[in-house]
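Below is one structure, written out as structure tokens; the observations come after it.
The values are calculated or read from the model by the stated rules, or taken from the named source; none is laboratory data. These figures come from a predicted structure and were not determined experimentally. Glycine also receives a Cβ, built like all others from the backbone with ideal geometry; neighbour counts cover every protein chain displayed. These area figures cover heavy atoms from the full protein model, side chains too; ligands, DNA and RNA do not enter into them. Shrake-Rupley method; radii C 1.70, N 1.55, O 1.52, S 1.80 Å.
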Amino acid sequence: MSEQSTSSLDKHFNFKEREAALYTAWEQAGIFRPEAASSKSAPVFNIAMPPPNANGELHLGHSYGYTVMDILGRFHRLAGERVLMLPGKDHAGIQTQVVFEKKLQAEKVDIKSIPTADLYKRCYDFCTDRAKYMRAQEKMLGLSADWSRELFTLDPRLSDIVFETFERMWKDGLIYRGSRIINWSVFSQTAISDVEVEYVERDGGLWYLSYPLVQPLTKSSKHELALPDGRKVKVGELGMVTATTRPETMLGDTALAVHPDDERYKDLVGCEAIVPLVGRRVRIIADKRVDPTYGTGVIKVTPAHDFADYDMGQDHKLELVQVIGKDGLMTKEAGAEFAGLSTKQCREAVLKRLAEEGRLLAESTIKHKVPVGERGKDVIEPLVSEQWFVNVDKAGNSLKRRALEMVKAGKIKIYPARFQVLFEQWLENLRDWNISRQIWWGHRLPVWYRKQGDKEEVHVGRQAPAGAGWTQDTDTFDTWFSSGQWAYSTFAAHGMVNLDKTPASNEFFPSHTMVMGRDILFFWACRMLLLTTYRLGDVPWKNIFFTGLIRDEHGQKMSKSKGNGIEPNDVISRHGTDALRLSLVMGASPGNDIIVSERKIEGYSKFINKLWNAAKLIEMKTCSIHDKGLPAQPTLAANRWILRELARVHRNVTQKMQEYEISIAADELYGFSWTVFCDWYLEMMKVLIDTGNDAYKQETATTVREVFRRILIMLHPFVPYISEELYQKVAGLKRTAFLAGESWDYKLQEVEGTDEVSELMEIVGAIRSVKSALNISSKRIAVSVPGARSAELSLLIKELARVDFVSDAQIPGDRALRKPFSGGVLVLDVDGKENYQKRLEKDAELNRSTIAGIEKKLSGEFATHAKAELVERERERLEQSRKALQEIEKELAMMVQ
RNA sequence: AGGCACGUAGCUCAGUGGUAGAGCACUUGCUUCACACGCAAGGGGUCGUAGGUUCAAUCCCUAUCGUGCCUACCA
């Protein structure tokens, strides 16, 4: 017996202390910089990581994305590549301004009294402060980012590029200023982007209004309309009947529209009608965008306050009458009677007046979706406003066509592949992009104006042109205009991309991979693709990986307002970073949502504990054994087996990682580490080291160290802390300063030999099964095992199954329980073997049905159609089952006697 | 309305044209000196439904139901 040794490791992994210490050590060693790679010409793996908004803190969604990125980054770093995980923060325009102004309000600061320049500075400081906090969270998560290259979207190095892009696009005619319909936030007093608008379902009214015809019909129509109150009216009889959810906008109607193929209204197209209350004469137009089955099939067209109507207005050259102002109140265009009312008051007033005039025919309630601001209560009004736009589909120089061509040509590998189609659809549907915002937080437009008499001069440039009287535009850029350039501006800021050279391809560009949540992804990805293609003539990234969303255990989206969110800091402090990372990855297939609960995180913390204890055991058993290096061909079957298994797992995991199948790779490693390595191999190791001779000890100690070292390397991307800690602390594992310096790939000579261990596992399993059923698991019993095997294997079977070997003849018949296995029949010496009868009967039944199944199969056309090897395999299975059944029946017959 | 995905054990998910899998949960036994955050042995599924192709379908095709998401519309 070997002397008792103790481990230098504590009872549990003290992750709270050790995680912070390990991170600091990594950072101080500079291993997160691409320059740390041993080869200066190694391939580059770089990610311009999506910058979170610098106005709050990280939520679990951020942790998820970062975990995926860090796993990829650490994997490629182990592969010897120059890895650059470039971190940053986004100034997040309107969102930050709202957060910041709320904060000032809470502090009872009078925002209006502060000059904009001061506000800007204070907000910048606020973001700097938040960024610092978030950076600490990112480090806590183990993110192996190159902090020396961190950037903020308002950093002058990035801003310069943003302004330059704007100027170039202006010169190229890809940017214009114009009055078009946009989403207007009444609360924030600015235009906002499509993604900032949400649609929520509300109960609303649908009112049926009649607009008199200028020239009444001469003969009555054969078509009838059904009103919701059951009435039927002849088409044209009461003028044009239209249904609307927003009666107040009728004051701005400049047409009525019907579907061109709608028989009911064919004769009326081209006629004129009168908008009630305002008395405006409007045309009846035909447009295929009208759905003839909805309402009455007639729509009132309000080009100034509806996106679809706006498009129709453009095509039919309709007048724009703006009746709702930016303050959310009715304008004087709405008429003296309504001007100054809120839209809600106006709706009531309009309905009252229409009813008085007999123009309100009917009303019904419906569910419909109304636009609201991101934070819920904000009212969004589509209205026409003068803004700056990017022309995304300019004739002869279409940004979106070029982007689309690249995607269609497969220049970006998309994971999962099914998102390719979605990506293309998004690009197809892009409308001109409003990039101006009426807020003070952000990049101020580099545009100057000067009034010269009636004319207004416009100059685009960072500096005011010569001459007096120029004033700069007070608008700022849509935050996506700057983050849309993140894919190249970040690398350009560090001199890794030359913006004046197109295509700009070099080792850092296009960047290797983009990881994005699939919710925001398409919106942002499209903009990045557009701007990068424009600026550099190439795609922004070679690969793009979409993650799903995080959901709670009931499948609900996590959100602050629902209160079902998991705080990363909180769970990390209780279960450790590694457990969180594992639970964010296990079961998460690309693009699909993932369910995360505290229970899941807690569950994976057990795996961390398991690794810790495996290390303790290895240390105890091997610390006194000197490592003489791994022999080319181990002599022990157990060692040959585990090395073969290791090589197999290494191949599988490597392949899955390269295919971005991260969860499958993690799952494979989890199973191998726990079931194969701990449950089987470590148990064998104990036996070989405790009871074996010196040669056994030597080879086994060396093997277990090598396999464990390899496991730690492979696990490191997923659980960086525990793996590094054990690598550092367990004697005999460490070869370089940090795991990051190890090599993922390794040359393992193909281990020869037959697979004797699977037979061992079958025999041990069969014995354990019998013992367990007879409730004698801990008892040492005698057993006869047919066949000859090495001293090592015999020893292992005896110790793992807790048996002594005897010959068949030594066991009395009334105590001998015969148990078939693939290599023959085991005979176990047990008390009360009749208690095993039920199990035997079940086994027999199982075998009979297997036999019947195979016989049926072989008697059919399978035998002639299927591949010969398949048929052969079935024959073997049949033979085996028959033999087993025979033995079981023999045993049962003896019991019955 | 259109598109996409999903539907496999109680839960979360793998998977394959030829013997249905894992983890968690559950049952039973075991404080065997790494770990009870553990070990061992078990129970549990006609792979959503209906057709089709095939010698053979959980897998391929068609239809259908259910769930989720996206886009458009909701005048």
Practice task
Determine, yes or no, whether A:Ile618 is near RNA strand B (Cβ under 10 Å from one of its atoms) and crowded, with 17+ Cβ neighbours inside 10 Å.
Solution key: yes
Practice task
Counting only residues that are under 33 Å from the mean Cα position of the chain (by Cα), give me the strands (runs of 3 or more DSSP E) lying completely in segment A:358-473 with at least 1 of them.
Solution key: A:360-373, A:380-390, A:413-415
Completion exercise
Residue hits (segment A:739-776; open to solvent by less than 40 Å² (accessible area, probe 1.4 Å), closer than 30 Å to A:Phe32 by Cα and either small (Gly, Ala, Ser) or outside any helix (DSSP H, G or I) (or both)) are A:Ala740, A:Glu742, A:Trp744
Handout entry: Checking A:Val195 against (1) under 31 Å from the mean Cα position of the chain (by Cα); (2) closer than 27 Å to A:Val350 by Cα; (3) of a type outside the set (D, E, K, R); (4) open to solvent by 40 Å² or more (accessible area, probe 1.4 Å), the condition it does not meet
Key = (2)
Problem - Whichever residue in segment A:668-680 is more than 9 Å from RNA strand B (Cβ to nearest atom) and touching a residue at least 40 places away in the same chain (Cβ under 8 Å) and, among such residues, is farthest from A:Ala615 (Cα to Cα) - result: A:Leu669
Exercise for the section: Report yes if some residue within segment A:768-784 is more than 8 Å from RNA strand B (Cβ to nearest atom), closer than 30 Å to A:Glu81 by Cα and in contact with a Leu (Cβ under 8 Å, 6 or more places away or on another chain); otherwise report no. Expected result: no
Fill in the blank from the handout: Within segment A:419-450, the count of residues that are open to solvent by 40 Å² or more (accessible area, probe 1.4 Å) and either in contact with a Gly (Cβ under 7 Å, 6 or more places away or on another chain) or closer than 17 Å to A:Gly537 by Cα (or both) comes to 1
Problem - Filter result for A:Leu688 (open to solvent by less than 10 Å² (accessible area, probe 1.4 Å), in contact (Cβ under 8 Å) with a residue 60 or more places away in the chain and either within 11 Å of RNA strand B (Cβ to nearest atom) or not β-branched (Val, Ile, Thr) (or both)) - result: yes
Exercise for the section: Considering only residues that are among the β-branched types (Val, Ile, Thr) and near RNA strand B (Cβ under 8 Å from one of its atoms), look in segment A:584-597 and name the one that is most open to solvent (accessible area, probe 1.4 Å). Expected result: A:Ile595
Exercise for the section: Pairs only if they're at least six apart or on different chains, beta carbon under 9 angstrom, first in segment A:815-831 and within 11 Å of A:Lys883 (Cβ to Cβ), second assigned to a strand (DSSP E or B) and open to solvent by 30 Å² or more (accessible area, probe 1.4 Å); list them, first residue then second. Expected result: A:Val825/A:Arg818
Practice task
Kindly indicate the residue of segment A:481-516 that is surrounded by 24 or more Cβ atoms within 10 Å (Cβ to Cβ) and among the hydroxyl-bearing types (Ser, Thr, Tyr) and also nearest to A:Asn543 (Cα to Cα) among those meeting that condition.
Solution key: A:Ser511
Practice task
Answer yes if at least one residue in segment A:262-277 is surrounded by 17 or more Cβ atoms within 10 Å (Cβ to Cβ), at pLDDT 85 or above and within 13 Å of RNA strand B (Cβ to nearest atom), and no otherwise.
Solution key: yes
Completion exercise
Flagged in segment A:829-851 as open to solvent by less than 60 Å² (accessible area, probe 1.4 Å) and more than 10 Å from RNA strand B (Cβ to nearest atom), in numbering order, are A:Asp829, A:Val830, A:Gly832, A:Lys833, A:Tyr836, A:Gln837, A:Leu840, A:Ala844, A:Asn847, A:Ile851
Fill in the blank from the handout: Taking segment A:70-91 and keeping only residues that are closer than 28 Å to A:Thr128 by Cα and either part of a strand (DSSP E or B) or at pLDDT below 95 (or both), one is left with A:Val83, A:Leu84, A:Met85, A:Leu86, A:Gly88, A:Lys89, A:Asp90, A:His91
Fill in the blank from the handout: Given the conditions (1) more than 10 Å from RNA strand B (Cβ to nearest atom); (2) open to solvent by less than 20 Å² (accessible area, probe 1.4 Å); (3) of a type in the set (A, V, I, L, M, F, W, C), every one holds for A:Met558 apart from (2)
Completion exercise
Taking segment A:297-334 and keeping residues within 13 Å of RNA strand B (Cβ to nearest atom) and part of a strand (DSSP E or B) leaves A:Val298, A:Ile299, A:Lys300, A:Val301
Exercise for the section: Run down A:Met714, A:Met761 and say which single residue is under 30 Å from A:Leu141 (Cβ atoms) and not β-branched (Val, Ile, Thr). Expected result: A:Met714
Problem - Qualifying position, being away from RNA strand B (no atom under 11 Å from the Cβ), open to solvent by less than 20 Å² (accessible area, probe 1.4 Å) and closer than 23 Å to A:Ser769 by Cβ, among A:Leu826, A:Leu795 - result: A:Leu826
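Take A:Gly813 and tell me if it is surrounded by fewer than 14 Cβ atoms within 10 Å (Cβ to Cβ), touching a helix residue (DSSP H, G or I) at 6+ places or on another chain (Cβ under 8 Å) and not in a strand (DSSP E or B).
In short, yes.
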Practice task
Looking at (1) near RNA strand B (Cβ under 9 Å from one of its atoms); (2) touching a residue at least 60 places away in the same chain (Cβ under 8 Å), find the lone condition where A:Asn569 falls short.
Solution key: (1)
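Is it the case that some residue within segment A:448-468 is of a type in the set (S, T, N, Q) and under 26 Å from A:Val44 (Cβ atoms)?
There is no residue in segment A:448-468 that is of a type in the set (S, T, N, Q) and under 26 Å from A:Val44 (Cβ atoms).
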Practice task
May I ask you to say which residue of A:Ile854, A:Ile888 is more than 25 Å from A:Ala773 (Cα to Cα) and surrounded by 14 or more Cβ atoms within 10 Å (Cβ to Cβ)?
Solution key: A:Ile854
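Every residue, every condition in (1) modelled with pLDDT of 85 or more; (2) among the acidic types (Asp, Glu); (3) closer than 30 Å to A:Ala731 by Cα; (4) open to solvent by 40 Å² or more (accessible area, probe 1.4 Å), yes or no:
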| site | (1), (2), (3), (4) |
| --- | --- |
| A:Glu553 | no, yes, no, yes |
| A:Lys562 | no, no, no, yes |
| A:Ile566 | no, no, no, no |
| A:Ala579 | yes, no, yes, no |
| A:Arg599 | yes, no, no, yes |
| A:Lys610 | yes, no, yes, yes |
Exercise for the section: Go through the residues of segment A:372-381 one by one and say whether even a single one is under 29 Å from A:Glu198 (Cβ atoms), among the hydrophobic types (A, V, I, L, M, F, W, C), open to solvent by less than 30 Å² (accessible area, probe 1.4 Å) and touching a Phe, Trp or Tyr at 6+ places or on another chain (Cβ under 9 Å). Expected result: yes
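Of all strands (runs of 3 or more DSSP E) completely enclosed by segment A:170-256, which ones contain at least 3 residues that are within 16 Å of RNA strand B (Cβ to nearest atom) and not small (Gly, Ala, Ser)?
A:175-185, A:197-211, A:240-244
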Exercise for the section: Considering only residues that are within 28 Å of A:Ser148 (Cβ to Cβ) and of a type in the set (A, V, I, L, M), look in segment A:78-117 and name the one that is surrounded by the most Cβ atoms within 10 Å (Cβ to Cβ). Expected result: A:Val83
Practice task
State yes or no: is A:Ile324 buried (at least 20 other Cβ atoms within 10 Å of the Cβ) and modelled with pLDDT of 85 or more?
Solution key: yes
